[in-house]
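Here's the structure we're looking at; comments come further down.
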Number of protein chains: 2
Amino acid sequence: MKSEKISDAVVRRLPVYLRFLNELSRREVPTVSSQELGQKLDLNPAQIRKDLAYFGDFGRKGIGYDVSYLIEKIRQILNLDQQINVALIGAGNLGQALSNYNAYLKDNMKIVAVFDASPEKIGSQINNITIQPIEVLVDAVKGNHIRIGIITVPDVEAQRVADQLVAAGIEAILNFAPTILKVPAGVRVHAADFTTDLISLAYYLDGGKERSEHDSKMVD
Amino acid sequence: MKSEKISDAVVRRLPVYLRFLNELSRREVPTVSSQELGQKLDLNPAQIRKDLAYFGDFGRKGIGYDVSYLIEKIRQILNLDQQINVALIGAGNLGQALSNYNAYLKDNMKIVAVFDASPEKIGSQINNITIQPIEVLVDAVKGNHIRIGIITVPDVEAQRVADQLVAAGIEAILNFAPTILKVPAGVRVHAADFTTDLISLAYYLDGGKERSEHDSKMVD
DNA sequence: TAGATTGTTAATCGATTAACAATC
DNA sequence: TAGATTGTTAATCGATTAACAATC
C-alpha cells in the first residue's frame, strides 16, 4: 500500500478486472492469481499486482486473490458501493441504445434522467424515463443528485450541454460527441467517441503500409 | 521524416487532428500552427509537431501547416484515400445507432453489410442494408472485400463472431462487447466498450476521494 | 517442507515536453 | 530584416516489466 496518486491508466484497468472477477464469481471460482488474470485480460501479471497494491494488500502470498473480497474492494475503490445517478443528454439513436444498456449496468449506476432538445421527443418515454427539455437540465441535475452526465447530442451542441452540466455542478462527463470539451479543472471528462477508434483502425489496414509480416496462423 | 515504427498513441491522435482540420477547412482557414492546434485539442504543440513529423515534413517554418494539404496527407496516412468496407455484426439498439452514424462517416468508411443472429431481424433493413444471418458472414466478408468488422453482439457471442471474422480474413475489429477478444497477431482490435469508460469515471467522483488515505488494514 | 504467488524495488522501456537551430 | 514556427535532439517524465525476498 502506497499513497501516491493513481494514474488514469491504472484506474481504467479496474473496471476490466472487476468485470472478469464478476464472471469468476458467477462460476464460483474462489481465488485467482495475477497470472491467470493476466492471461485472460492480456496484461502483465506484475502490472496487475502493482495496480491492486496501490489500494491495499488484497492478495495472499502463495494463494492469489480471493475473488469475492477483491470484487468488494474494487467496488469500493470505484465508488460503486453507492448508487450513482446519471443523466443522459441526447435521446437520439445512440442515446436510446445506451439507456437500454442501463439494465446491464448493475454496477449501481443508473440513468435517472433523459434530456433532449427536439420538442417532438419531449414527454415520451425511454426505459420508463420521461424525456425532458434541455431547458430544465440544470435544475433537474441539481435536484436529483445527478453526478455524471452522458452526452450524446450532435457535435455542435456538445459544448453547450457540457457548460450547462458544469453549471449544474456535475462531477464527471462521458462524451460521445467528437469534440474536445472545455471544462473547469475538477470535472472529469472521458471521451467515448468511437469514430476515433474506428478511423484509427484504418491505419493498420495493409494498404501498402510498410508493416511487419503478419502470418495468418490461427489461435485455437 | 523518420522510419521508426509509429506508436498507437500517435495513430490515435491522427483522427483527432483530421477532424479539427476538416472544421478549419469548412471555415476556409488556410493555415494553422501547432500552437493553435494544441490549444484547441488540449495537446502539447511539440507533441503535435512530432506526431506529424513521423510521416513527413508537412509544415512550413514561420507559417504553420497548410490545412488542405495536411488533411490530404493525414487521409493518406490513415488509408482514407480509398473506400474501406465495413461489416456490422449485431443489429440491436447499439448496432442500429451505429449504422445510422454511417452518414457522418464521410471518411470513406462504409458499412456495407449487417449481420444478426435473431431470425426475426433477418431480411429487414437498416439504412438500406438488408440484415443477413450470421451463418453467411464468412462468405459475405470474403466476397465483398470487407476489411473491418464492428462487433455489437452480446458479450457471450463476441468471441465467436470474432473467430468467424478472422476466418473470413478480416484485418481489423472494433469491439463494443466488454470482452477481451483473442485474435491472431496481424488482426488489430480496438476496444470501444463504453462501460469501462463510464465506470472508471466513478472513481473520480469525490466521495472523500482525495483518498491518499484509505485504510485497509484487513485481518484475514 | 516445497511450491506458489504476492508486494515491492529496481531496471527498462516508451511517451511527452522543452529547447533551439534552421528558415520561412 | 524581425517575428513566427517548424523539425528534431535532448531532457524529463511516467508507465511497464523483471526480479526476488517474504510468506502462505
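The values are calculated or read from the model by the stated rules, or taken from the named source; none is laboratory data. These numbers come from a predicted model, not from an experiment. Glycine gets a Cβ as well: all are built from the backbone with ideal geometry, and neighbour counts include every protein chain shown. For accessibility, only protein heavy atoms count, side chains too; no ligands or nucleic acids. Shrake-Rupley method; radii C 1.70, N 1.55, O 1.52, S 1.80 Å.
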Across region A:31-82, which residue is farthest from residue A:108 (Cα to Cα) among those that are within 10 Å of DNA strand D (Cβ to nearest atom) and either among the charged types (D, E, K, R) or not assigned by TED's automatic domain parsing to the domain that holds residue A:13 (or both)?
A:61
For region B:149-208, which positions are within 7 Å of chain A (Cβ to nearest Cβ), of a type outside the set (D, E, K, R) and open to solvent by 50 Å² or more (accessible area, probe 1.4 Å)?
B:180, B:185, B:204, B:207
Residue pairs, Cβ under 8 Å, 6 or more apart or interchain, first in region B:119-136 and assigned to a strand (DSSP E or B), second among the hydroxyl-bearing types (Ser, Thr, Tyr). List them.
B:126/B:99; B:129/B:99; B:130/B:124; B:131/B:124
Against the definition (farther than 30 Å from residue B:129 by Cα and more than 8 Å from chain A (Cβ to nearest Cβ)), how does residue B:34 come out, yes or no?
yes
If you take the residues in region A:72-90 that are open to solvent by less than 10 Å² (accessible area, probe 1.4 Å) and within 16 Å of DNA strand C (Cβ to nearest atom), which one is nearest to residue A:168 (Cα to Cα)?
A:77
Name the residue that is nearest to residue A:70 (Cα to Cα), counting only residues in region A:1-14 that are more than 8 Å from chain B (Cβ to nearest Cβ) and among the basic types (Lys, Arg).
A:13
Verdict on residue A:17 being within 13 Å of DNA strand C (Cβ to nearest atom), within 23 Å of residue B:194 (Cα to Cα) and within 11 Å of chain B (Cβ to nearest Cβ)
yes
Filter region A:28-45 for residues that are surrounded by fewer than 16 Cβ atoms within 10 Å (Cβ to Cβ) and more than 24 Å from the chain's Cα centre (by Cα); which is nearest to DNA strand C (Cβ to nearest atom)?
A:35
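Is region B:63-79 home to any residue that is of a type in the set (Val, Ile, Thr) and either within 17 Å of the chain's Cα centre (by Cα) or within 25 Å of residue A:97 (Cα to Cα) (or both)? Walk me through it before giving the result.
Initially, region B:63-79 is screened for residues of a type in the set (Val, Ile, Thr), giving B:63, B:67, B:71, B:74, B:77.
Next, only the ones that are either within 17 Å of the chain's Cα centre (by Cα) or within 25 Å of residue A:97 (Cα to Cα) (or both) stay: B:74, B:77.
There is at least one residue in region B:63-79 that is of a type in the set (Val, Ile, Thr) and either within 17 Å of the chain's Cα centre (by Cα) or within 25 Å of residue A:97 (Cα to Cα) (or both).
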Filter result (open to solvent by less than 80 Å² (accessible area, probe 1.4 Å), within 6 Å of DNA strand C (Cβ to nearest atom) and of a type outside the set (Phe, Trp, Tyr)) within region A:46-71:
A:46, A:52, A:53, A:59, A:64
With respect to the numbered conditions (1) more than 16 Å from DNA strand C (Cβ to nearest atom); (2) in contact (Cβ under 8 Å) with a residue 12 or more places away in the chain, which one is the sole condition not fulfilled by residue A:93?
(2)
